[in-house]
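Visitor: Before I ask anything, let me first share the structure, which is written out below as structure tokens.
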Amino acid sequence: MTAISPLEFVNKKGIFGDHHKKKESNLIQITELKDLNIIHVFQYKKSKMPLNNIKFDNLEMPSENSKVTSNKFTRILCIGPKTWLIVSNKNVSESLKSFFKEEDFAVTDISHSRAVVQVKGFQIKDVLKKGCPINLNDFNKNSCAGTVFHGISIVVDFIDDNPDTFNLMTLRSFGESFYHHITDATLEFGFIVK
């Protein structure tokens, strides 16, 4: 069985919006990220395992809300107290289930229930400000937050700051609506879909 990506029918490649007489490198880039492993990990209240003993893929589990640790393949987002999203382009699902003991953690693979869009460009914060209530001026590289964009719940993961690069995750069922909102908000700057 072949998996159909959440944005299979709306993610059309090309250059759109106000792109006349602009270099392609100055346009905002929008890319659907496919084949990611997204694992939700929650540490039970009754768990006695100290957080400083927890390392996965040579990464510490961030204990501060909205912080991210990362390497080339894996990002660990702290999305709440003792709650993380582990996002990787490696197949980590089975190794996570054996790494995080069942009596201490709930580990759930949510990979197929999310649509993930990467947006990149020097004006992307201005685009996100159009529909997102969080203060993006205080957002730094390796930060994350749960918020909304035009009423759709998303997780914002700040990947890089040269140029600004964000991974935006939403429920798969809202993927197409979210994609339409983000591309509509980007029209005035011009964008390229890869």
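The rows are residues; the columns are (1) under 18 Å from GLU8 (Cβ atoms); (2) of a type outside the set (A, V, I, L, M).
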residue: ASP138; (1), (2): no, yes
residue: ASN142; (1), (2): no, yes
residue: PHE149; (1), (2): no, yes
residue: ILE152; (1), (2): no, no
residue: ILE159; (1), (2): no, no
residue: PHE166; (1), (2): no, yes
residue: GLU176; (1), (2): yes, yes
residue: TYR179; (1), (2): yes, yes
residue: ILE192; (1), (2): no, no
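Visitor: Residues being outside any strand (DSSP E or B) and either of a type in the set (Ser, Thr, Tyr) or open to solvent by less than 60 Å² (accessible area, probe 1.4 Å) (or both): count how many of those fall in the stretch 51-74.
Guide: As a first pass, look at the stretch 51-74 and keep what is outside any strand (DSSP E or B): 51-54, 57-58, 61-66, 71-73.
So of that shortlist, the ones also either of a type in the set (Ser, Thr, Tyr) or open to solvent by less than 60 Å² (accessible area, probe 1.4 Å) (or both) come out as 51, 54, 57, 61-63, 66, 71.
The qualifying residues number 8.
Visitor: Exactly one of these conditions fails for GLN29: (1) of a type outside the set (Phe, Trp, Tyr); (2) closer than 19 Å to PHE178 by Cβ; (3) touching a Phe, Trp or Tyr at 6+ places or on another chain (Cβ under 8 Å); (4) not in a strand (DSSP E or B). Give me its number.
Guide: (4)
Visitor: Go through the stretch 132-169 and report how many residues are in contact with a Phe, Trp or Tyr (Cβ under 7 Å, 6 or more places away or on another chain), free of Cβ contacts under 8 Å to residues at least 40 places away in the same chain, surrounded by 14 or more Cβ atoms within 10 Å (Cβ to Cβ) and under 13 Å from SER66 (Cβ atoms).
Guide: The qualifying residues number 2.
Visitor: Given the criteria of a type in the set (A, V, I, L, M, F, W, C), free of Cβ contacts under 8 Å to residues at least 24 places away in the same chain and over 18 Å from HIS40 (Cα atoms), does LEU128 qualify? So that I can check it myself, show each step before the final result.
Guide: Values: of a type in the set (A, V, I, L, M, F, W, C): yes; free of Cβ contacts under 8 Å to residues at least 24 places away in the same chain: no; over 18 Å from HIS40 (Cα atoms): yes.
When the stated conditions are applied, LEU128 does not pass them.
Visitor: Out of GLY80, GLY131, I need the residue that is touching a helix residue (DSSP H, G or I) at 6+ places or on another chain (Cβ under 8 Å) and not aromatic (Phe, Trp, Tyr). Which one?
Guide: On the way: GLY80 fails: touching a helix residue (DSSP H, G or I) at 6+ places or on another chain (Cβ under 8 Å).
So the residue among GLY80, GLY131 that is touching a helix residue (DSSP H, G or I) at 6+ places or on another chain (Cβ under 8 Å) and not aromatic (Phe, Trp, Tyr) is GLY131.
Visitor: Moving on to the next point. Which of the residues belonging to the stretch 95-154 are among the polar types (S, T, N, Q) and in a strand (DSSP E or B)? Give the steps one after another, and end with the answer.
Guide: Of the stretch 95-154, the ones among the polar types (S, T, N, Q) are 95, 98, 108, 111, 113, 118, 123, 135, 137, 140, 142-143, 147, 153.
Hits for the stretch 95-154 are THR108, GLN118, SER143, THR147, SER153.
The values are calculated or read from the model by the stated rules, or taken from the named source; none is laboratory data. Predicted, not measured: the structure shown is a model, and the values here were computed from it. Cβ coordinates were reconstructed from backbone atoms using ideal geometry, including for glycine residues, and neighbour counts include every protein chain displayed. We work out accessible area using only protein heavy atoms, side chains counted, and drop any ligands, DNA or RNA first. Shrake-Rupley method; radii C 1.70, N 1.55, O 1.52, S 1.80 Å.
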